[in-house]
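First the structure, in the form of structure tokens, and then the observations on it.
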Amino acid sequence: MLHESSEAHPSTKCRRLCCGVGTSLMSDVAACTAFILMHTLSDNDSVFDKVGGLSALTRFLQACDSRVAVFMAKLVGDKIKQADKAQYAAFLCELYVACVEADDESALYNSYLHAQTLLHNFNDSEVGTV
């Protein structure tokens, strides 16, 4: 579930009020739906294309419920990896070096950080073809 507006909300606007893990039934349904979508769309390219591809899913990285954001981040990362394995491998090497330099190996296991960095590093034309 996205913030009230259709635009991704700024992190300073609601991070303290509504973001995190929702405690309502609606939040649980959204998280379950995101989990099912993650598994369904990761293996089915035709359905993935029908829902709009990465451009339709990247906005869910800004979901208020962190479970939804993480599930969609895993899906985004998987789809980018499937599109160009060599470029993804190069990205992982760069991420590893950055984590060693920053002395923060926990970032290697963060799917959300991977997806954000992948989307930032790859230009829209490459990502749009996934």
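The values are calculated or read from the model by the stated rules, or taken from the named source; none is laboratory data. Since the model is a prediction, treat every value here as computed from it, not as a measurement. As a convention, Cβ positions derive from the backbone with ideal geometry for all residues, glycine included, and neighbour counts pool all protein chains shown.
Find the residue count for the range 32-91, including only residues that are outside any helix (DSSP H, G or I) and either touching a Phe, Trp or Tyr at 6+ places or on another chain (Cβ under 6 Å) or surrounded by fewer than 16 Cβ atoms within 10 Å (Cβ to Cβ) (or both).
3
Which of the residues belonging to the range 19-31 are surrounded by 14 or more Cβ atoms within 10 Å (Cβ to Cβ) and either farther than 13 Å from VAL70 by Cα or without any contact (Cβ under 8 Å) to a residue 40 or more places away in the chain (or both)?
Selection gives GLY22, SER27, ASP28, ALA30.
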Any hit, the range 92-109, residues being buried (at least 17 other Cβ atoms within 10 Å of the Cβ), assigned to a helix (DSSP H, G or I), modelled with pLDDT of 85 or more and not hydrophobic (A, V, I, L, M, F, W, C): no
